[in-house]
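Trainee: Encoded as structure tokens, here's the structure I'll be asking about.
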Amino acid sequence: MDTNNEKEVLFNPGCEPVVEDEERRRLLWLMAEYFRTIGYTDIKARLPGFMPPPILSGTIEDHRPDFTCRQSDSARTPIILEIVTPGMVDEPAAENRWSLLASAAKLYNAELHFVVPKWASNGPVDPALKRRLARMELTANRVWTV
């Protein structure tokens, strides 16, 4: 018999409130601190201690962005940010996720940003990501290499 009063909440893949992958989490921390330092507001991140971004409902599946915030410009332009590790660039499941994030960016007049590691054992990640996004006919406002 379970005597634990806490309810366990199960999330679909891509909707978890905290990123479990260590490499993705490290890049996410770096970007959260960077955007906080430059004065961006309404920061939500899939990290411990942060409010997670809301789940976006898609026609095929739902996803939670890795990070969202508002810029310090006069329009307070929203940013939707996705962390991409080398193994994710060619992952088939990424297509639905990235398409949903791009659709949300258009809907909310937000910028879509991707973050990739600067160095990877099999070469630079950003050219491969840009080629994949082009094949999917998706446009990123910025691809950060960190």
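The values are calculated or read from the model by the stated rules, or taken from the named source; none is laboratory data. These numbers were taken from a predicted model, which means no experiment stands behind them. No Cβ is skipped: glycine too gets one built from the backbone with ideal geometry, and neighbour counts run over all protein chains shown. Note: accessible area is taken over every heavy atom of the protein model, side chains too, but ligands, DNA and RNA are not part of it. Shrake-Rupley method; radii C 1.70, N 1.55, O 1.52, S 1.80 Å.
Trainee: Under the 0.36 nm per residue contour assumption, what length would be gained going from the current alpha-carbon distance of LEU30 and MET51 to full extension?
Mentor: Numbers: separation 21, 0.36 × 21 = 7.56 nm, distance 1.63 nm.
Contour length minus Cα-Cα distance gives 5.9 nm.
Trainee: Further question: Let me check I've understood the local charge: for ASP21, count other residues with C-beta under 11 angstrom from its C-beta, Lys and Arg +1, Asp and Glu -1. What total comes out? Please report the intermediate quantities before stating the final value.
Mentor: Details: positive: ARG24, ARG25, ARG26, ARG46; negative: GLU16, GLU20, GLU22, GLU23, ASP66.
Cβ neighbours under 11 Å give a net charge of -1.
Trainee: Can I ask one more? How would VAL146, VAL116 line up by accessible area, probe 1.4 Å, largest first? Please report the intermediate quantities before stating the final value.
Mentor: On the way: VAL146 55, VAL116 0 Å².
Solvent-accessible surface, decreasing: VAL146, VAL116.
Trainee: Another question about this same structure. Take GLU95, GLU111 and sort them by solvent-accessible surface of the protein heavy atoms, 1.4 Å probe, largest at the top. Could you put the intermediate results ahead of the total?
Mentor: Working: GLU95 90, GLU111 50 Å².
Result, largest first: GLU95, GLU111.
Trainee: Could you work out what % of the accessible surface of the range 35-80 is carbon and sulfur, using a 1.4 angstrom probe and leaving DNA, RNA and ligands out of the count?
Mentor: Working: 1230 of 2350 Å².
Roughly 52 percent of what the probe reaches on the range 35-80 is carbon or sulfur.
Trainee: Let me ask something else. Say a paramagnetic label sat at a point 7 Å from the Cα of ASP42, along Cα to Cβ; which residues of the range 96-113 have their backbone N under 18 Å from it?
Mentor: Flagged as within label range: 101-113.
Trainee: Further, regarding this structure: List the relative contact order of the range 59-146 as a percent without decimals, with contacts defined as Cα pairs under 8 Å and 6+ residues apart. Before the final figure, lay out the partial values.
Mentor: Details: 121 pairs, mean separation 24.8, N = 88.
Value for the range 59-146: 28 percent.
Trainee: Continuing with this model, one more query. Please give the per residue accessible area of the range 61-146, computed with a probe of 1.4 Å over protein heavy atoms only, in Å².
Mentor: Working: 4370 Å² over 86 residues.
For the range 61-146, the per-residue accessible area is 51 Å².
Trainee: Using only the Cα atoms of the range 28-100, each taken as one equal point scatterer with no solvent, compute I(q) by the Debye sum, divide by I(0), and report log10 of the ratio at q = 0.25 Å⁻¹.
Mentor: So the normalised log intensities are -1.16.
Trainee: Which log10 I(q)/I(0) values does the chain give at q = 0.14 Å⁻¹ under the Debye formula, counting every alpha carbon as one identical point scatterer?
Mentor: Relative scattering, expressed as log10 I(q)/I(0), comes to -0.66.
Trainee: Sort LEU129, LEU56 from largest to smallest accessible area, using a 1.4 Å probe on the heavy atoms of the protein chains. It would help to have the intermediate numbers written out before the result.
Mentor: Details: LEU129 0, LEU56 25 Å².
Ranking LEU129, LEU56 by accessible area, largest first, yields LEU56, LEU129.
Trainee: OK, next. As an exercise, identify the trypsin sites (Lys or Arg not before Pro) in the range 84-146 lying in DSSP coil whose Cβ has no more than 11 other Cβ atoms within 10 Å. Let's see the in-between values first.
Mentor: Details: sites: ARG97, LYS106, LYS118, LYS130, ARG131, ARG132, ARG135, ARG142; in loops: LYS118.
In loop regions of the range 84-146 (DSSP not H, G, I, E or B), the sparsely surrounded trypsin sites (Lys or Arg not before Pro) are LYS118.
Trainee: Between THR145 and LYS118, with labels modelled 7 Å along Cα→Cβ, what's the label distance in nm to one decimal, could you check?
Mentor: With each label point 7 Å from Cα toward Cβ, the separation is 1.0 nm.
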